[in-house]
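Reviewing the structure listed below.
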Amino acid sequence: MSSIATRHGDDGTTSLLYGQRVPKDHPQIEAVGAFDELNVAIGLAKAASPDVARRAALEKIQHELVALMGELACAEADAARHAASQFRRLGADELARVDQALAALEARNLRFDGWATPGANPAAAALDLARTTARRAERRLCALPAAGKSVRPVILQYTNRLGDLLWLLAREAEQDQQA
């Protein structure tokens with residue numbers, strides 16, 4: 001087995017998907033890193049949730065984030081190559097699934113007074129942490145066009161709505177454990 005320590009990054013650079021080297025603080029690396037943090041935060045929320053269906057939904061989101069990170073880790077010059085590859089890409093189906101989950105939660109008429117104060121229970125707190133991490137990832141994503149990296153609209157929409165979904169899931173987790 002080869003070592004995880006390749007030493008290629010000792011000079012402060014890292015590779016994009018098809019091998020182009022960029023500084024570790026490159027906007028694309030910042031965005032990929034923010035989504036990696038989101039994936040970890042969702043993993044924590046998944047582990048903290050006693051609800052089997054919620055855990056499954058969060059795991060599905062984690063798999064979608066891996067696809068999203070792959071696309072973000074592709075240099076602009078390689079975007080067509082990535083689009084033509086076998087790599088998974090988020091699309092209308094994933095966005096529709098998030099929209100359906102939002103509608104289902106909103107139909108439950110979850111109770112909350114104004115803005116939430118996180119920490120009612122571990123499951124809700126973990127979901128709120130994931131929500132704030134999603135919003136940071138969204139900010140990094142929105143900065144990419146100014147740095148020369150195009151972002152498909154469906155990715156922006158998915159990320160925005162994911163933050164909303166995580167907020168509602170946190171409110172649901174608060175109420176589920178109060179009942």
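Where a number appears in this text, it was derived from the coordinates with a stated rule and is not lab data. Quick caveat, the model's predicted, so the values are computed rather than measured. Don't worry about glycine lacking a Cβ; one is built from the backbone with ideal geometry, like all the others, and counts go over all protein chains shown.
Within straight-line reach of residue 60, meaning a Cα separation under 27 Å, sit the following lysines at least 8 residues removed in sequence or on another chain: 46, 149. For the chain, the mean residue ellipticity at 222 nm estimated from helices alone is -21500 deg cm²/dmol, where every DSSP H run of n ≥ 4 contributes -39500 (n - 2.57) and the total is divided by all residues, rounded to the nearest 500. Radius of gyration over Kirkwood radius for the chain, both on Cα atoms: the Rg/Rh ratio is 1.01. Here the gap between residue 87 and residue 3, fully extended at 0.36 nm per residue and compared with their Cα-Cα distance, gives a gain of 27.7 nm.
Above 16 Å, the calculated P(r) of the range 38-110 contains 60 percent of its Cα-Cα pairs.
Karplus-based coupling profile of the range 121-126, in residue order and whole Hz: 7, x, 5, 5, 4, 5, with θ = phi - 60° in 6.51 cos²θ - 1.76 cosθ + 1.60 and x standing for Gly or Pro.
Placing dummy labels 7 Å off each Cα toward the beta-carbon, the span from residue 103 to residue 66 is 2.9 nm.
Rounded to the nearest Hz, the phi-derived 3J(HN,Hα) couplings of the range 71-81 under the Karplus curve 6.51 cos²θ - 1.76 cosθ + 1.60 (θ = phi - 60°) are 5, 5, 7, 9, 4, 4, 5, 9, 4, 5, 4, where x marks glycine and proline. Between residue 40 and residue 55, the modelled labels are 2.2 nm apart [label points 7 Å from Cα along Cα→Cβ].
The angle between the Cα long axis of helix 92-107 and the main principal axis of the chain comes to about 20°, on a 0 to 90 degree scale. Sorted on the mean count of surrounding Cβ atoms within 10 Å across their residues, most packed first, peptides 149-159, 90-100, 68-78 read 68-78, 149-159, 90-100. FRET efficiency for the residue 116 to residue 154 pair, using the beta carbon distance and R₀ = 22 Å, is estimated at 0.20.
Give me the extension gain from residue 13 to residue 77: residue separation times 0.36 nm, minus the current Cα-Cα distance, reported in nm with one decimal. All intermediate terms of the calculation are to be shown ahead of the outcome.
Numbers: separation 64, 0.36 × 64 = 23.04 nm, distance 1.83 nm.
So the extension gain works out to 21.2 nm.
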